[in-house]
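All remarks here apply to the structure that follows.
The values are calculated or read from the model by the stated rules, or taken from the named source; none is laboratory data. Keep in mind that this is a model prediction, so the values were computed, not measured. Glycine gets a Cβ as well: all are built from the backbone with ideal geometry, and neighbour counts include every protein chain shown.
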Ligand code: NOJ
């Protein structure tokens, strides 16, 4: 269908719609089906699926979320298409964050791969599975910059940096959507949550964000701009107040910035209940006012758990609180998205084909490669890793997370298949089969609870407390096991329900008795490899001094155990890098690589009297099984004009004895100008795989787009005339540097 035909058809439908049908088209309902029973007490329509079905029959539902069963999707779709005179199909949306059936490593992990092709491939797999079951739209990627690890949703994003964040956002949108909205086997992508959600005060999820003009444009908005430039057809609002105005009622954000400045032509959806929340915020008078003002600010569709504010839009139109033309504009955008996605031509899904696609082994391969490439080797004293399977008679695997399928998958997944999920224990067992004796002890209580949430209701998600677990005896048993083994692999971290939405923490310590367990195991003298399962930095001060090898495996997904075994035994070498600065302690946060310089910079690393102000591991840090050397950093000219481009090259050598990966990173600093600029900003990276002794020349170019920044005084993008320093290396502390100057024309 051509764009002109899409527009004409949307117009034709619009002309036949009543005001109530238009308002319904702009409403998205949660539909929990049978699960609603376990939701008793939450209240609203979601606990009564038949109420949603009734509205659907009246042609007053634009979209449904949380249905993933193809047969159920077909059933509901039939009601919309056959049961109503206009037959407008329902758009089915869902949180396909890191896979549907095949669970990929969590988003922060994929970002740690710094491999944008892999990230794109991963989300293409997620899209293919989602589309196969009848979903059309994912509420992803989450492109919120996260600089405070107390905020549990750090796990869903790409970390602290806007440059890395923008590249990852673009790759995810391309993976989900393909070339354009409507590409076969892909889904609509909705970058979220516009904007500043990750800046919640104190890292407390949903709390207000106060973001300066400079931080908003230079840090928080670039990943959104990149996602939209990649063609994202939808955007989701955020829950909190942004600089005193609820994001979901923020006309400046959704109309002036999103539509007028960025030229966005897709549709905007609110976060769940965020329109109703305009009343909670003390912003809207009542639900009718909330609906009218959200729509007027640029929020086309309301995602509603329960009684939707947009159901009152007809009343608001009648009262003159909202213009019907504004309503029409929203409906047009939603209908056009449905037409572009091909819903009118093919509203139903092939259930047999869905089963086939969900079982595709090629998808599992992408998940395994993702887990292998996202792991970050934080420390490897004495080259303890890789383990030499030939010389080990016994391996002790310790920690309950090593034997937990659900935790291996991480937060934010629902339609996983636990039977096919490979835990770290299973992965090690399979790999060591016939060579070493692998023994296991949890050491600490297997089920530990973070924030109880909506997700606990999903089958398989709720942790079960083991009966009769003797904490002291189990800890002692684990230590005995370690004492008798040639090597102890300890897996520590956060349980999957301790991180994600509504899972903020006031501490970054290893939960429960895990540190005590780790210390007791290390005290046996058996060499220890610590595997960390996490989605944010944890307090590893003790481990970073006393444990020789630390590998961050994140929540590695369906194939996690296989990947981790391949890394431990050296079938593949780790090459991931941290997408955030790893603080020593929670008292240091927020802490980022791209801070500015001020009074007594020589003391910048001693700002606290009770703790160093350096991180435990810098942004971009990550080792491999071979060292890399950098040399020959060069710029192709000494000076450029503001519209010019400078080419930077560097020689990278694998100085080890085996194939390994390195992420070559370029950092930039503007020496002076009309604002203070960060000491270093990431402006380029490339992951390379080099054979033993191999040297490769890696090239970057820096032009006006890399050198400009948002100047809060000018309230605009500026390119200052200044000398610039460039560093290239393997993390944000890279030492090799050169410089060039931007001069007047
Ligand atoms: C609330 C979350 O903030 C959002 O990211 C998610 O997409 C919706 N719930 C739907 O589950």
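Some points to look at:
- A search for C-beta distances below 8 Å between a residue of segment 186-202 that is at positive phi and outside the structural domain of residue 503 (by TED's automatic domain parsing) and any residue that is away from the ligand (no atom under 11 Å from the Cβ) and part of a strand (DSSP E or B), counting only pairs 6+ apart in sequence or on different chains, returns 196/209; 196/242.
- Counting only residues that are in contact with a helix residue (DSSP H, G or I) (Cβ under 7 Å, 6 or more places away or on another chain) and either within 16 Å of the ligand (Cβ to nearest atom) or not in a helix (DSSP H, G or I) (or both), segment 243-270 holds 10 of them.
- Top-ranked residue of segment 318-331 - restricted to ones that are crowded, with 19+ Cβ neighbours inside 10 Å and out of contact with any strand residue (DSSP E or B) (no Cβ under 9 Å at 6 or more places or on another chain), ranked as farthest from residue 20 (Cα to Cα): 322
- Among the candidates 213, 207, the residue that is modelled with pLDDT of 95 or more and either within 16 Å of the ligand (Cβ to nearest atom) or buried (at least 24 other Cβ atoms within 10 Å of the Cβ) (or both) is uniquely 207.
- The residues on offer are 170, 150, and the sole one that is away from the ligand (no atom under 16 Å from the Cβ), modelled with pLDDT of 95 or more and farther than 18 Å from residue 503 by Cα is 170.
- The one condition from (1) modelled with pLDDT of 95 or more; (2) over 29 Å from residue 231 (Cβ atoms); (3) within 29 Å of the chain's Cα centre (by Cα); (4) buried (at least 17 other Cβ atoms within 10 Å of the Cβ) that residue 306 does not meet is (1).
- Filtered residues of segment 46-78 (kept if in a helix (DSSP H, G or I) and farther than 17 Å from residue 348 by Cβ): 46, 47, 49, 50, 51, 52, 53, 54, 55, 57
- For segment 563-612, filtering for residues that are within 27 Å of residue 168 (Cβ to Cβ) and assigned to a loop (DSSP other than H, G, I, E, B) leaves 21.
- Candidates 518, 530 - the one that is free of Cβ contacts under 8 Å to residues at least 40 places away in the same chain, closer than 23 Å to residue 476 by Cα and touching a strand residue (DSSP E or B) at 6+ places or on another chain (Cβ under 8 Å): 518
- Residue count for segment 56-75, restricted to those that are in contact with a strand residue (DSSP E or B) (Cβ under 9 Å, 6 or more places away or on another chain) and away from the ligand (no atom under 15 Å from the Cβ): 5.
- Per the listing 239, 220, the residue uniquely more than 15 Å from the ligand (Cβ to nearest atom) and on the phi < 0 side of the Ramachandran plot is 220.
- If the condition is being more than 18 Å from residue 80 (Cβ to Cβ) and touching a residue at least 60 places away in the same chain (Cβ under 8 Å), then segment 320-339 contributes 324, 327, 328, 330, 332, 333.
- Hits in segment 128-147 (condition: in a helix (DSSP H, G or I) and more than 16 Å from the ligand (Cβ to nearest atom)): 128, 129, 131, 132, 133
- Among residues that are in a loop (DSSP other than H, G, I, E, B), within 23 Å of residue 563 (Cα to Cα) and in contact with a helix residue (DSSP H, G or I) (Cβ under 7 Å, 6 or more places away or on another chain), residue 118 is not included.
- So residue 160, is it away from the ligand (no atom under 16 Å from the Cβ) and closer than 30 Å to residue 621 by Cβ: yes
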